[in-house]
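Data first, discussion second: the structure below is written as structure tokens.
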Amino acid sequence: MRVLVASDEQAMAQRVRAVLVEQGAECPAGHLVSLDSVADRSGLLHPELVVFVMPSDWKLGLSALLETRNTVPHMRALVLGPATDPQRILQTLKQGADEFLDREIAEAELTGALERFRSVRHQAEANPHGGRVVAVLSPCGGSGASMLAASISTVLAQEHGQSGLVDLRLGVADLTSMLDVRPTRTLADLCDHVTRLDQSLFDQFLTRHSSGVQLLAAPIQDEDIQRVTAKGVRRALALARVRFPRVLVDMGSLLGPEQIEVLWQADVILLVVRLDYTSVRNARRMVDALIELGIARDRMQLVLNGYGQRRQLEVEQAEVAIGMKAAHRVPYDAAAVNLAVNGGIPVVLKCRFSRITRSIRTLAHSVNGVKK
């Protein structure tokens, strides 16, 4: 059981941690965090439980509680405070606390709360991190990564009834034309509301496609791109995990703070590469950069897109240069891809029985964890 303690009182935080450790919870010293940082740390660590020690500035504590609840909706929140004001207790519960505990008898209250938590913990264990996140990354433009992201998310929507698709190709936003949708809101608008973002508000930023894919679109204008923040992306991904069983993120070829937020949390990273010198060279550089960021190689899958064109590099040459075996080979089919892209329809819907569609379905089933 992973637990964070949010407190601006060091002595009280240590008291709480001592009880948690005695009860077998995972709460190292690094899990004692300040109230102003608890939402961000929760977005990275995905705790099952957060214990909030309310400060004298009650509004500050409520703000931290609400922001954390919006970041990680599936976690449980225990609040420690003086049990002398019924109105404050009620207000705290309305802001998202699961239980309010009397800090004057903190040890006994925490022990009882942990026992109650364990009795319902099996619900969280069934899916502790929410939906599966797949990042689609390309070492350079023209790799066909956006086409694959749109089609994979379509296949996953067919499998699960719906899927999430996040466009992080800021200023490009090819997914809107590939799905032939016209978003009224984008990721930039979401970032403007990050401190009060919850599931209900999150839904308002999504654009629905008839396939079941729901797109969080990228902004196009420079002034809108400047509004996108790493914190907003982190919050959006946390909510998307809860909202959808599968989430695709089209990353493009950049490794900025916003993209790195996704890479740290992604269950699978698809590195989409063409079999030409520039793409392979950049792919090797990108793999090295990911490893330097602390991302394990076993989370990456090499996807060779446009396989079968004349005068390409040999697969073995590319594998040696990149330092990774190809997990998937998506065949070259310019006619099917052009027909789909020009029509604003994912290729897996436009050309259902084509060889490229069969290959993409196999790829989607692989990242989905389904063997077919």
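Numerical summary
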quantity	calculated
Which listed residue, of Thr357, Thr362, is under 15 Å from Ile152 (Cα atoms), within 25 Å of the chain's Cα centre (by Cα) and in a helix (DSSP H, G or I)	Thr362
Of all residues making up region 256-278, the number that are out of contact with any helix residue (DSSP H, G or I) (no Cβ under 6 Å at 6 or more places or on another chain), of a type outside the set (Asp, Glu) and free of Cβ contacts under 8 Å to residues at least 40 places away in the same chain	3
Enumeration of residues in region 108-131 that are surrounded by 13 or more Cβ atoms within 10 Å (Cβ to Cβ), modelled with pLDDT under 65 and outside any loop (DSSP other than H, G, I, E, B)	Arg121, Ala124
Yes/no for Thr92 being surrounded by 15 or more Cβ atoms within 10 Å (Cβ to Cβ), touching a helix residue (DSSP H, G or I) at 6+ places or on another chain (Cβ under 8 Å), among the β-branched types (Val, Ile, Thr) and closer than 30 Å to Leu263 by Cα	no
Lone unmet requirement of (1) under 14 Å from the mean Cα position of the chain (by Cα); (2) of a type outside the set (D, E, K, R); (3) in a loop (DSSP other than H, G, I, E, B) for Val233	(3)
Helices (runs of 4 or more DSSP H) wholly inside region 2-96 containing at least 3 residues that are more than 22 Å from the chain's Cα centre (by Cα), in contact (Cβ under 8 Å) with a residue 40 or more places away in the chain and under 18 Å from Glu109 (Cβ atoms)	10-22
Which numbered condition Gln204 fails, given (1) farther than 26 Å from Gly144 by Cβ; (2) in contact with a helix residue (DSSP H, G or I) (Cβ under 8 Å, 6 or more places away or on another chain)	(2)
Conditions (1) more than 22 Å from Leu197 (Cβ to Cβ); (2) in contact with a Ser or Thr (Cβ under 8 Å, 6 or more places away or on another chain); (3) surrounded by fewer than 22 Cβ atoms within 10 Å (Cβ to Cβ): number failed by Ser34	(1)
Residue in region 248-266 that is in a strand (DSSP E or B) and either touching a Cys at 6+ places or on another chain (Cβ under 9 Å) or β-branched (Val, Ile, Thr) (or both) present	yes
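Residue-wise test of (1) surrounded by 13 or more Cβ atoms within 10 Å (Cβ to Cβ); (2) assigned by TED's automatic domain parsing to the domain that holds Ser42; (3) aliphatic (A, V, I, L, M); (4) modelled with pLDDT of 95 or more.
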residue: Leu270; (1), (2), (3), (4): yes, no, yes, yes
residue: Tyr277; (1), (2), (3), (4): no, no, no, yes
residue: Gln301; (1), (2), (3), (4): yes, no, no, yes
residue: Glu316; (1), (2), (3), (4): no, no, no, yes
residue: Ile322; (1), (2), (3), (4): yes, no, yes, yes
residue: Tyr332; (1), (2), (3), (4): yes, no, no, yes
residue: Leu339; (1), (2), (3), (4): yes, no, yes, yes
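The values are calculated or read from the model by the stated rules, or taken from the named source; none is laboratory data. These numbers were taken from a predicted model, which means no experiment stands behind them. No Cβ is skipped: glycine too gets one built from the backbone with ideal geometry, and neighbour counts run over all protein chains shown.
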